[in-house]
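Enquirer: Got a structure for you, questions after.
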Amino acid sequence: MADDVQTPSAPAWAILRQVVIATDDHAGDVAAVRSAFGLGQGFGDPELKDLALLDATMPVSDQRYLEIIGPENDTAAVSKWLNKIGGRGGYVLSVQHPDPDAVRARAQARGIRVPIDTTALGKVVIQLHPQDVGLLLEVDGITEPSAWFWDDIDPGPEPGALVDAIVGVEVPVADPVATNTLWHDLLGLPDPQAADTIDLGGIPVRFIPGGPSADWTVLLRRAVDGGDRAEEPTLPGVTFRLV
């Protein structure tokens, strides 16, 4: 009968929106990255003002961002972490997901800590503990895949930028295969196509041996026009690779 018919749930998806680098030299690193890649001013995340964090969110392509944060003063929670890792490193991957409540439930069922569980601009935002999932994973609950937090303040990619896409991230973890399987499970995604890599809306995040470590590699695509002038800035703790 009709009451017994169950509508299958929509398939889960997840989109990598922001690759977040933390540094104790915010002004210097932002200037270096903007100069190397021709990125514009971007904007500051208004949600970080109350956390004593400096922020530069720079659009690389449509709704995909390279974000650099830093402590405004010693009260910022990130200060202790930066001191521990040497002053700079990959900090957060922010992923858009249509059902953060389900992600939270799966995490809690596995004993994974959820240190941040809040709302931002009316959307559910959770963060999963890096010691439990390999790195700090932020899940932002926005059900429409074509929408993002910053649609009303995002100036868009800089005209004439020397890079035009984030094409990958490599993150050292203790067990790449186990971490990859866990992320697929938590996000409700189909079984991995590659043992060490998760596809987040067309951007592959590859888990590599040697971690846990904040020494990430961020892969950026050279723009067709002028990309030969792009440089790979020397910022110990984070590697930028141009492809």
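Enquirer: Since G211 meets every condition but one in (1) more than 15 Å from the chain's Cα centre (by Cα); (2) surrounded by 13 or more Cβ atoms within 10 Å (Cβ to Cβ); (3) at pLDDT 95 or above; (4) not in a strand (DSSP E or B), which condition does it not meet?
Expert: With respect to (1) more than 15 Å from the chain's Cα centre (by Cα); (2) surrounded by 13 or more Cβ atoms within 10 Å (Cβ to Cβ); (3) at pLDDT 95 or above; (4) not in a strand (DSSP E or B), G211 is out only on (3).
Residue by residue, here is whether (1) in contact with a His (Cβ under 8 Å, 6 or more places away or on another chain); (2) surrounded by 14 or more Cβ atoms within 10 Å (Cβ to Cβ); (3) closer than 16 Å to I21 by Cβ; (4) without any contact (Cβ under 8 Å) to a residue 24 or more places away in the chain holds:
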| position | (1), (2), (3), (4) |
| --- | --- |
| V169 | no, yes, yes, no |
| V173 | no, yes, no, no |
| D191 | yes, no, no, yes |
| R206 | no, yes, no, no |
| D225 | no, no, no, no |
| A230 | no, yes, no, no |
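Enquirer: Sort out which residues of the stretch 32-85 are in contact (Cβ under 8 Å) with a residue 60 or more places away in the chain and more than 15 Å from W148 (Cβ to Cβ), and write them in order of number.
Expert: Across the stretch 32-85, the qualifying residues are A32, V33, S35, A36, F37, G38, L39, G40, Q41, L82, I85.
Enquirer: Could you check the stretch 28-51 and list, in sequence order, the residues that are assigned to a loop (DSSP other than H, G, I, E, B), in contact with a helix residue (DSSP H, G or I) (Cβ under 9 Å, 6 or more places away or on another chain) and not acidic (D, E)?
Expert: Of everything in the stretch 28-51, those that are assigned to a loop (DSSP other than H, G, I, E, B), in contact with a helix residue (DSSP H, G or I) (Cβ under 9 Å, 6 or more places away or on another chain) and not acidic (D, E) turn out to be G38, L39, G40, Q41, G42.
The values are calculated or read from the model by the stated rules, or taken from the named source; none is laboratory data. Source: prediction; values computed, not measured. Cβ atoms come from the backbone with ideal geometry, glycine included; neighbour counts cover every protein chain shown.
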